Amino acid sequence: MHRLPRRSVSAILRHGGARHRTTAAPISCASTHLGSVGETDAKVRWHSASASGKFNPCKPTAQFASKNGLCFGNRFESTAAASDASAEPPSERFEYQAEVNRLMDLIVNSLYSNKEVFLRELISNASDALDKLRFLSVTEPDLLKGGGDLDIRIQTDKDNGIIHIIDSGIGMTRQELVDCLGTIAQSGTAKFSKLLKDSKDAGGDNNLIGQFGVGFYSAFLVADRVVVSTKSPKSDKQYVWQGEANASSYTIQEETDPEKLIPRGTRLSLYLKRDDKGFAVPERIEKLVKNYSQFVSFPIYTWQEKGYTKEVEVDEDPAESKKDEENEKTEVQKKKTKTVVEKYWDWELANETQPIWLRNPKEVTTEDYNEFYKKTFNEYLDPLASSHFTTEGEVEFRSILYVPAVAPRGKDDIVNSKTKNIRLYVKRVFISDDFDGELFPRYLSFVKGVVDSNDLPLNVSREILQESRIVRIMRKRLVRKAFDMILGISMSEDRADYEKFFENFGKHLKLGCIEDRENHKRIAPLLRFFSSQSEDVMISLDEYLENMKPEQKGIYYIASDSVESASNTPFLEKLLEKNLEVLYLVDPIDEVAIQNLESYKEKKFLDISKEDLDLGDKNEEKEKEIKQEYGQTCDWIKKRLGDKVASVQISNRLSSSPCVLVSGKFGWSANMERLMKAQTVGDTSSLEFMRGRRVFEINPEHPIIQNLNAASKINPDDEDAIRAIDLLYDTALVSSGFTPENPAQLGGKIYEMMGLALSGKWSTPVAEVQQPGPQHHNPETLEAEVQHPGTPHHNTKILEAEVVEPIEAGTQK
């Protein structure tokens, strides 16, 4: 805000304004200064006022107050800065521009990952044209006159590399050609669908497929030039649209050739690129139709070469004919013929198989399901089970799921989540079967089936299923139905059905225990294991619970590499005496699966090879006495073994074995340690950490331990006792399932102990053998030795081996 200085104002008041009276005269637009004192400020003030539009010096009566002949201007604040801030500069609106050549290049070369989908897109467009005609004919029956049946026909010219796709649908007028084919991303089908939804008479679902408006341009994936000849029943003229792959323009002209006129519909001609002329082979076209458009609701015919056999006469050889004439006895012979194949071309229906998932499940027989399964997935065996269902509500889709009879072999391994087992359709048009866990988790990848929905979140190329809430809901419902189907097999009256299933897919379910915690309650009842009371037939966890003792606290298990090794492990001894059932986990994945389950119906899984095993029969007084008796022995053994074991304890799980080596509660078991060592890309740095804690348990009722107990009190430094401890530890390693650190050293210890035990037991001392004398060959002496079985020479066979003369030995038999 601009003001007069205080000195100027006081001077005016003091002199009565005499100095400035001349400036108080009527003010004109050209004279606005007040005097020398406040000239600068006044000029700025008047200018600011004029610039702001709030002051007009040409109208003093409206802006000035006169007093004592003085003329005072009203005070105005400068609004220049405020005007700059509040008054935005004018904006101009522009339309987005697109470089047509570049846009077409993106659509053709970047939108689709597979060239062969062009046929799917163009057939879908033809199907939409037929659907539109069918809808409009309800209110306008005249549209159907003279146009023939509603179908799609595909004809190929292999020699020239041309594909013709003809439909008898609604066709297009000249303006519709401009709007639909001349405007990129303009979907005529989507526009038509919107009109149907807005119409009160639309009623019911429609099967229109198109939605993005770029499917037509997929023709340029394989074609250099595309010609569209179309005739709409709403127009008397037929028009031809022509476009090239690298051109930014197209042409439309009226069809004048009488031979190319069609009654109604559209003929699409693709002039293939040099590298893509292989698509013009009739057999390949038929294969693509069966793969992508097999379940389109309208019949699709392909132009195929066919043949039939017939008999034709064969011209006789002149030499043979002359020979027959010379032979007077030759009778009249029949004319020679041969079988030939007569070739011809005709239309052949390519989509014979009907989408049985659209039918009522009550109307479909088991034979229908099995036949559909074999045709769709190229199988030769009937499936074990099938499930046909429709899901409505937030997500609507139809599906048929199958459990195969056998597991896949080769590359379709359990670890491969990318399978071709689930075929996704949108409005009966095949979209993809290449999924990586979007619809089914990896452990259920063996389930085969089809899923058809009218509204799925697809990307523009219609090849990728986008991640969304709808997909997650669909996945959850498919998984639930798959479990219901498998549960139905397990409840079958024929137990062999589920045994066959589990033999093929049991590992998949166990993998689900590891990867899908949310479905543990569904997976656990489907698991099967061998047990100590059922070594030949697998049992379920529910059957195990039925056999549990009332005082039993958990579900006991032991992990091993086979049923035989599991049944002979020393960990089982006490449990078998008490008649407690133990599960045998013999698959490599079993132990990890059970550890992830943790419990089943509030019963925890207990590894009998881990420390602190509680069998529910503790006697504290007896345990206290045993610890007092063997406490010194435990310390003595621990001192000898050192860091090899974490501690030495009295065992409550042994009855016939002298000792056993158990794992720490939170470490790897012997079986897990063996598996981790065998991993190709395993982390060896974690081996020492996870196997660090091992507990050496001894059986106080075994004679060896009792002898060692006496040795620890009488002579703890005895070399034989110390060697016995080392051998006990190494033996416990092997019997408990661990791998000895030094197998050769263990073998040497065993040989040494055997030498001490067998020394001089059967053989004669070496000094006596070297002395010559008849006594070694005396038959009487040998006979006397045989007659005294209590002597060291009671074994006649070994005795005979010691005899030098076999003839004399033979006489003694």
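The values are calculated or read from the model by the stated rules, or taken from the named source; none is laboratory data. Since the structure is predicted, the reported quantities are computational estimates derived from the model, not experimental observations. Glycine also receives a Cβ, built like all others from the backbone with ideal geometry; neighbour counts cover every protein chain displayed. Just so you know, the surface numbers come from the protein's heavy atoms only, side chains and all, with ligands and any DNA or RNA stripped out. Shrake-Rupley method; radii C 1.70, N 1.55, O 1.52, S 1.80 Å.
Using each residue's phi in segment 484-499, evaluate 6.51 cos²θ - 1.76 cosθ + 1.60 at θ = phi - 60° and report the 3J(HN,Hα) Karplus result to the nearest Hz, with x for Gly and Pro.
4, 5, 5, 4, x, 5, 5, 8, 5, 5, 8, 4, 5, 4, 6, 4
Give me the one-decimal nm value for the distance between modelled label points at Lys553 and Ser235, 7 Å along each residue's Cα-to-Cβ direction.
8.6 nm
Please report the carbon-and-sulfur percent of the accessible area for segment 565-608; probe 1.4 Å, protein heavy atoms only, DNA, RNA and ligands left out.
46 percent
Could you report the accessible area of Lys427 in Å², rounded to 10, computed with a 1.4 Å probe on the protein chains as they sit in the structure?
30 Å²
If ligands, DNA and RNA are left out, what is the accessible area of Asp516 with a 1.4 Å probe, given in Å² to the nearest 10?
30 Å²
Taking a 30 Å limit on the Cα-Cα distance, which of the listed pairs Lys448/Lys549; Lys287/Lys427; Lys260/Lys310; Lys132/Lys287 fall beyond it? Intermediate values should be presented prior to the final figure.
Values: Lys448/Lys549 42 Å; Lys287/Lys427 20 Å; Lys260/Lys310 36 Å; Lys132/Lys287 27 Å.
As for pairs spanning more than 30 Å Cα to Cα, those are Lys448/Lys549; Lys260/Lys310.
Please list log₁₀ I(q)/I(0) at q = 0.17, 0.18, 0.20, 0.21 Å⁻¹ for segment 419-560, using the Debye equation with identical point scatterers on the alpha-carbon positions.
Normalising to I(0) and taking log10 leaves -0.98, -1.06, -1.23, -1.32.
Got a number for the accessible area of His164? Probe 1.4 Å, square angstrom, nearest 10.
Probe radius 1.4 Å; accessible area of His164 about 50 Å².
What order do Tyr301, Tyr751 take when sorted by accessible area (1.4 Å probe), most exposed first?
Working: Tyr301 60, Tyr751 160 Å².
Listed by decreasing accessible area, they come as Tyr751, Tyr301.
If I model a spin label as a point 7 Å beyond the Cα along the Cα-Cβ vector, how far apart are those points for Lys761 and Asn742 in nm?
2.6 nm
What is the extension gain from Val281 to Lys610, computed as 0.36 nm multiplied by their sequence separation minus the C-alpha to C-alpha distance, in nm to one decimal? Don't skip to the answer; put the middle values down first.
Numbers: separation 329, 0.36 × 329 = 118.44 nm, distance 6.74 nm.
Full-extension gain reported as 111.7 nm.
For labels at Glu535 and Lys343 in the simple 7 Å Cα→Cβ model, what's the distance in nm?
With each label point 7 Å from Cα toward Cβ, the separation is 6.9 nm.
Can you give the local net charge around Val648? Use residues other than it whose beta-carbon is closer than 12 angstrom to its beta-carbon, Lys and Arg +1, Asp and Glu -1. Working shown, then result.
Working: positive: Lys627, Lys638, Lys639, Arg640, Lys644, Arg694; negative: Glu611, Asp635, Glu697.
With Lys, Arg at +1 and Asp, Glu at -1, the neighbours total +3.
Leu727 to Leu381: FRET efficiency via 1/(1 + (r/R0)^6), r the Cβ-Cβ distance, R0 51 Å, to the nearest 0.05? Could the numbers behind the result be given before it?
On the way: r = 55 Å, r/R0 = 1.09.
Efficiency computed from Cβ-Cβ geometry: 0.40.
Grab the Cα-Cα distance for Ala646 and Asn454, subtract it from 0.36 nm times how many residues apart they are, and report the gain in nm with one decimal. Could you put the intermediate results ahead of the total?
Details: separation 192, 0.36 × 192 = 69.12 nm, distance 6.42 nm.
So the chain would gain 62.7 nm between Ala646 and Asn454.
Which FRET efficiency, nearest 0.05, do Glu701 and Lys601 yield, Cβ-Cβ r, R0 45 Å?
Numbers: r = 36 Å, r/R0 = 0.80.
For R0 = 45 Å, the calculated efficiency reads 0.80.
Place the peptides 738-744, 266-272, 499-505 in order of packing, highest mean first, counting for every residue the other Cβ atoms within 10 Å and averaging per peptide. Don't skip to the answer; put the middle values down first.
Numbers: 738-744: 11.9, 266-272: 21.6, 499-505: 18.0.
My ranking of the peptides, most packed first, is 266-272, 499-505, 738-744.
So for Ile400, Ile722, what's the accessible-area order with a 1.4 Å probe, most first? It would help to have the intermediate numbers written out before the result.
Values: Ile400 0, Ile722 45 Å².
Sorted by accessible area, descending: Ile722, Ile400.
Which FRET efficiency value, to the nearest 0.05, is calculated for Ile473 and Ala405 with the Förster distance at 51 angstrom and r the Cβ-Cβ distance?
Values: r = 30 Å, r/R0 = 0.60.
Once rounded, the FRET efficiency stands at 0.95.
Given a 1.4 angstrom probe, what's the average accessible area per residue across segment 699-748, in square angstrom? Please report the intermediate quantities before stating the final value.
Numbers: 2490 Å² over 50 residues.
Using a 1.4 Å probe on heavy atoms only, each residue of segment 699-748 averages 50 Å².
What Kirkwood radius, in Å to one decimal, follows from the Cα pairs of segment 223-324? Don't skip to the answer; put the middle values down first.
Numbers: mean 1/r = 0.0546 Å⁻¹.
Taking every pair of different Cα atoms in segment 223-324, averaging 1/r and inverting gives 18.3 Å.
Contour minus end-to-end for Thr390 and Val178, with contour as 0.36 nm per residue of separation and end-to-end as the Cα-Cα distance? Could you put the intermediate results ahead of the total?
Numbers: separation 212, 0.36 × 212 = 76.32 nm, distance 4.07 nm.
Difference between extended and current length: 72.2 nm.
Carbon-plus-sulfur fraction of the accessible area of segment 236-310, 1.4 Å probe, in percent? Write down the numbers at each step before the final one.
Numbers: 1730 of 4080 Å².
Looking at segment 236-310 in its full context, I get 42 percent from C and S.
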